[in-house]
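Taken together, the values in this text are just the output of simple stated rules run on the coordinates, not laboratory data. In this text the structure is predicted, and so the values were computed from the model without any measurement. For neighbour counting, all protein chains shown are included, and Cβ atoms are generated from backbone atoms with ideal geometry for every residue, glycine included.
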Amino acid sequence: MEYLPVFLRLGARPVVVVGGGQVALRKVAWLRRAGAHVTVVAPRLHPQLGEQAARGELEYIAAAFSPAHLAGAVAVVAATGDRTTNARVSRAACERGVPVNVVDDAELSSFIFPAIVDRSPIVVAVGSAGHAPVLARRVREQIEALLPERLGALARFMGARREAVRRALGAFARRGFWERIASGPVATLVLRGEGERAERALARELLTSRLTGLGEVYLIGAGPGDPDLLTLRALQLLQRADVILYDRLVSEAVLERARRDAQRIFVGKAYGAHGQQEHIHALLVRLAGEGKRVARLKGGDPFVFGRGGEEIEALAAHGIPYTVVPGITAALGAAAAAELPLTHRRLASSVSFVNGHAGDGALPDWRFFANPRHTVVVYMGVAQLPGIIARLRAAGAAPGHPVAIIERATLPGQRILRGTLGDITALTAAQPVQPPALLILGDVAAFAATDTGAALTAAAAAAGVPA
């Protein structure tokens with residue numbers, strides 16, 4: 001980041017603009033809107049600037065630039081169109097420690113004007129560090145199209161009631177309350193200009209918050225690991241949560257997308273350990289009971305081997321509100337990252353997701369899994385690989401039955417190990433697999449798009465069709 005984005009409160013403080021043309025007119029307009037006391041230094045003045053000077057809205061010095069003109073200024077804008085003069089302004093400002101902007105010349109500037117979306121008091125500034133001002137303006141236009149015209153009215157409405165809400169609610173409850181106001185019916189009424197109805201709706205929300213005092217829980221699927229695969233809803237709630245309870249399979253890159261000041265609590269289970277799930281239930285109930293918004297962040301999807309069903313049962317038993325946000329489950333994410341279609345018209349017409357820790361009594365007939373045209377995705381199965389192979393062979397699977405192990409799917413260091421039931425044990429011994437890893441069984445495990453392309457090319461050549 002080449003520039004620190006800041007908002008400078010000018011409040012009638014002196015700012016000097018050197019230059020009196022069309023560019024200076026635009027800069028003066030922004031400075032005056034921000035409340036600056038503007039002095040324009042230029043031999044000649046744009047007619048509109050002249051009118052403003054005549055009305056006493058700015059001071060005008062009809063002269064060529066002199067360093068003495070910067071006395072007392074808190075900022076300087078050079079907009080003469082002449083680089084030699086602009087360089088003199090920049091040098092004089094830097095010698096005096098005064099921030100300077102030279103229009104369209106980042107090299108001579110110590111600060112730049114961003115592209116601005118003005119919904120005062122909400123202001124959005126977009127900058128490109130001087131590299132691509134046209135692109136910055138394009139981004140501003142896109143943001144501007146998304147923001148309601150009356151957004152400033154909503155900000156003022158909320159600001160006028162902050163103190164009353166502060167007195168009524170505790171710190172954790174306040175943030176959740178304001179987020180409901182900003183995205184719910186109250187905001188809609190304010191944006192429509194229905195102030196009285198908005199006031200009544202806010203009073204009802206405040207009363208409800210005071211009576212319940214409860215927080216809420218978000219059961220969020222973190223996906224297979226790549227933070228770019230988080231859903232938009234997951235990102236929104238991660239930015240809202242006060243506390244993050246996360247599992248072993250949640251990557252650090254995903255955690256970095258959460259609210260920076262949120263408390264993080266690791267609740268991952270060790271293999272063979274007991275009682276951790278009950279501890280998680282108790283944590284969720286206690287933290288939400290304290291009025292906190294709790295994100296229960298799980299690798300993959302909460303409802304696919306994530307024990308999300310058990311957690312919502314515990315929350316419902318205590319009357320705690322919750323939201324479930326699905327994620328890309330590990331099977332789908334890993335298959336996509338490895339370019340292995342779980343179903344394929346020629347190779348597989350069905351797919352099963354299986355927990356590798358489950359005993360035989362918890363699984364269907366292994367003969368169903370032994371069919372190579374049925375894809376089987378085994379979660380937590382690498383440690384159980386010898387037993388899985390033995391069951392499949394006993395159910396009639398051939399030694400050549402394809403197998404793929406996808407390690408660290410979607411993450412840096414992703415690795416795909418391909419083999420068959422006959423040789424995969426030796427391959428994993430020679431190339432040890434580290435968790436997280438997923439096991440895929442069936443004909444699709446041998447799929448390779450490049451092989452398909454080669455086959456199509458050969459077929460085209462045989463038919464005399466140009467490739």
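Can you find, among Pro148, Ala334, Gly225, the residue farthest towards the positive end of the dipole of the chain? Put +1 on the C-beta of Lys and Arg, -1 on that of Asp and Glu.
Of the listed residues, the answer is Pro148.
Using DSSP to define loop residues, name the trypsin sites (Lys or Arg not before Pro) in the stretch 257-316 whose beta-carbon has at most 10 other beta-carbon atoms within 10 Å.
Within the stretch 257-316, the qualifying trypsin sites (Lys or Arg not before Pro) (loop, at most 10 other Cβ atoms within 10 Å) are Arg260.
Pick out, from Leu438, Val77, Val354, the residue whose Cα sits farthest towards the positive end of the charge dipole of the chain, with +1 on the Cβ of Lys and Arg and -1 on the Cβ of Asp and Glu.
Val77
How much length would be gained if the chain were fully extended between Thr84 and Leu146, taking 0.36 nm per residue of separation minus their Cα-Cα distance, in nm to one decimal?
Numbers: separation 62, 0.36 × 62 = 22.32 nm, distance 4.12 nm.
Result: 18.2 nm gained on full extension.
So what is the relative contact order for the chain, in percent, with contacts set as C-alpha pairs under 8 Å and at least six apart?
On the way: 778 pairs, mean separation 41.5, N = 467.
Worked out over the chain, it gives 9 percent.
Mind checking the stretch 258-351 for chymotrypsin sites (Phe, Trp or Tyr not before Pro) that DSSP puts in a loop (not H, G, I, E or B) and that have at most 12 other Cβ atoms within 10 Å?
Answer by residue number: Tyr271.
Quick one: putting +1 on the C-beta of Lys and Arg, -1 on the C-beta of Asp and Glu, what dipole do you get for the chain around its Cα centre, in Debye to the nearest 20?
Working: 53 positive and 40 negative charges, 246 e Å.
Result for the chain is approximately 1180 debye, rounded to the nearest 20.
Treating cross-link reach as a plain straight distance, find the aspartates and glutamates whose alpha-carbon is under 14 Å from the alpha-carbon of Lys292, omitting any fewer than eight places away in the same chain.
Filter leaves Glu179, Glu216, Asp242, Asp261.
Cross-link partners among aspartates and glutamates for Lys269, C-alpha distance below 13 Å, same-chain residues fewer than 8 apart left out?
Correct list for Lys269: Asp247, Glu278.
Determine which residues of the stretch 103-119 fall in the zone a paramagnetic label at Leu191 would reach in this model, i.e. backbone nitrogen under 17 Å from the point 7 Å along Cα→Cβ.
Counting backbone N atoms under 17 Å from the label point, the list is 118-119.
Are there any trypsin sites (Lys or Arg not before Pro) in the stretch 1-34 that are in a DSSP loop and have at most 15 other Cβ atoms within 10 Å? List them by number.
Those satisfying the criteria are Arg9.
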